[in-house]
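Contents: one structure, followed by commentary.
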């Protein structure tokens, strides 16, 4: 990818600024670092190593939900990705993000349109000190281009495979709020545990998350592997990963797989199925001569989430969505688990 003059100019200016600060202990940057107690941070991730020399004041985020970490910690980003899934009123904000901005008394940050990929020029125009992308699908080329604008924190191992805990840990560390990030994780874990305790039927119940089911062609089914955050979330709620899903996931690091419906008997160890779709999807599964034999389908143990709604979106756990969805999601999962018994 060619670099725009804008990005090259920003990169040169950033290098000059860092160089001048390094040459003088009396520089404003050095004084600020000393006064704030901020120590330079080095973060290793799948796409490289990122060093953040001074505490970021202007935080930008790209890809899904990374902005929720600074917001949860009281920091309003200068720019962030607009919601392109589950946005029920078309304002580019998911409801839990909108509520948090209201709580903070903040205006909506610049929203980056990522319909066709990252808008590098829009990101550069926000003049960020750091770019958070711990939960993302950045390519190496994306990362290299963003790094010309500001230090970038990418995912630790697998694209779109960062747990909500790791998202908080990495993004909070990058903005000099590691301790606050740890407390946020602890608070969310306590909230989850307290609410899960009211649903003992979930303990040990196996669950899989079906995705991309075409009701007009059920010859294949797709599902999220154990590397996907939706599947990881089941374990937070006391549920288990079926052996069939664990085995299929062991040979890959991708977040979803597709399997022939003729092999549906492999899913005989699935107690509950969660999926996106309408009533027509459940009807189609129940009418299919092969898939209807899967225990979760036969028992009516299906949680059918409206995929384009905030409820369906929040099944992918993020720092602000967990509290927003938890009561409703647990209730739906518990009803499905009751049918499985």
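Considering every residue within region 137-154, establish whether at least one is within 22 Å of residue 315 (Cα to Cα), within 19 Å of the chain's Cα centre (by Cα) and surrounded by fewer than 22 Cβ atoms within 10 Å (Cβ to Cβ).
yes
Conditions tested, residue by residue: (1) in contact with a helix residue (DSSP H, G or I) (Cβ under 9 Å, 6 or more places away or on another chain); (2) at pLDDT 95 or above; (3) part of a loop (DSSP other than H, G, I, E, B).
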| residue | (1), (2), (3) |
| --- | --- |
| 135 | yes, yes, yes |
| 138 | yes, yes, yes |
| 142 | yes, yes, no |
| 159 | no, no, yes |
| 168 | yes, yes, no |
| 171 | yes, yes, no |
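For the structure I just gave you, tell me whether residue 244 is in contact (Cβ under 8 Å) with a residue 24 or more places away in the chain, loosely packed, with under 15 Cβ neighbours inside 10 Å and either closer than 17 Å to residue 339 by Cα or in contact with a helix residue (DSSP H, G or I) (Cβ under 8 Å, 6 or more places away or on another chain) (or both).
It is false that residue 244 is in contact (Cβ under 8 Å) with a residue 24 or more places away in the chain, loosely packed, with under 15 Cβ neighbours inside 10 Å and either closer than 17 Å to residue 339 by Cα or in contact with a helix residue (DSSP H, G or I) (Cβ under 8 Å, 6 or more places away or on another chain) (or both).
Among the residues of region 296-314, which ones are surrounded by fewer than 21 Cβ atoms within 10 Å (Cβ to Cβ), in contact with a helix residue (DSSP H, G or I) (Cβ under 6 Å, 6 or more places away or on another chain) and either at positive phi or in a loop (DSSP other than H, G, I, E, B) (or both)?
299, 300, 306
Just to be sure I understand, how many residues within region 178-211 are part of a loop (DSSP other than H, G, I, E, B) and in contact with a helix residue (DSSP H, G or I) (Cβ under 8 Å, 6 or more places away or on another chain)?
Looking only at that region, the number is 3.
Mind checking which residues of region 126-141 are touching a residue at least 40 places away in the same chain (Cβ under 8 Å) and farther than 20 Å from residue 181 by Cβ?
Correct list: 126, 127, 137, 138, 140, 141.
Examine region 241-257 for a residue that is in a helix (DSSP H, G or I) and closer than 21 Å to residue 335 by Cβ, and state whether such a residue exists. Full working, then the answer.
First, the residues of region 241-257 that are in a helix (DSSP H, G or I): 243-249.
Adding the requirement that they be closer than 21 Å to residue 335 by Cβ leaves none.
Checked against the condition, which is being in a helix (DSSP H, G or I) and closer than 21 Å to residue 335 by Cβ, region 241-257 yields no hits at all.
Are there any pairs with C-beta distances below 7 angstrom linking a residue in region 163-184 that is without any contact (Cβ under 8 Å) to a residue 60 or more places away in the chain and on the phi < 0 side of the Ramachandran plot to a residue that is surrounded by fewer than 24 Cβ atoms within 10 Å (Cβ to Cβ) and outside any helix (DSSP H, G or I), with the two at least 6 apart or on different chains, and if so which?
166/156
For residue 43, state whether it is at pLDDT 95 or above, more than 30 Å from residue 326 (Cα to Cα), under 18 Å from the mean Cα position of the chain (by Cα) and crowded, with 16+ Cβ neighbours inside 10 Å.
no
The values are calculated or read from the model by the stated rules, or taken from the named source; none is laboratory data. What you see is a predicted model; the values in this text were computed from it and never measured. For neighbour counting, all protein chains shown are included, and Cβ atoms are generated from backbone atoms with ideal geometry for every residue, glycine included.
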